[in-house]
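Asks: One structure coming up, written as structure tokens, with questions to follow.
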Amino acid sequence: MSLFLENSSFPIELPQHVNISRIELFVIPALAVDSTGFRVCLRLTSDLGIGWSEQFICENDASFDLEHWRELLQSFIGRFPLSSVTERLTEIIMSRGESDKRVCQMFITGMEQIREMGMMPGIGSVTAFQAEESVLQQRAVAYLSLD
């Protein structure tokens, strides 16, 4: 006999809100021998879990501005409805005429992971993330922490 969740009499209670307590950006030199650039890692810490995203930035990319990314991400610290994430990002992009959407895309990817964790409690080891944070901080040439 198979039982599917949609046929179950138990209600699935998905979280309606998320509280983002910390957003971190680690800028790490690219490891590949022929790469001249940086790996930018974004980590979101929330009450529902941890979300992660990364992006490669070329060394000579003048549009990469960590201070500008700080300003964009700062507004996502705190508690807000999960349903408003897309609306908030769209509002930020439109109101500022944002041309560099990389940080927004990284944030969306991290939030998607947090949503998945919210649907599957107990996934992801905090200890593993703490160990990884230590390694990332040791290798980072720049680090940003918003809380």
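The values are calculated or read from the model by the stated rules, or taken from the named source; none is laboratory data. This one's a predicted model, so the numbers in the text were calculated from it and none came from an experiment. Note: ideal-geometry Cβ built from the backbone for every residue, glycine included; neighbour counts use all protein chains shown. Heavy atoms of the whole protein, side chains included, go into the accessibility calculation; ligands, DNA and RNA do not. Shrake-Rupley method; radii C 1.70, N 1.55, O 1.52, S 1.80 Å.
Asks: Roughly speaking, what is the stretch gain from A62 to K101, that is 0.36 nm per residue apart minus the C-alpha to C-alpha distance, in nm to one decimal?
Replies: Value of the extension gain: 12.6 nm.
Asks: How far apart, in nanometres, would the label points at E87 and R22 be if each is projected 7 angstrom from Cα along the Cα-to-Cβ direction?
Replies: 3.0
Asks: Top to bottom by accessible area (1.4 Å), largest first, where do D61, D47, D147, D100 land?
Replies: D147, D47, D61, D100
Asks: Moving on to the next point. Check which residues have an amide H placed less than 5 Å from E54's amide H, if you skip close sequence neighbours.
Replies: L42
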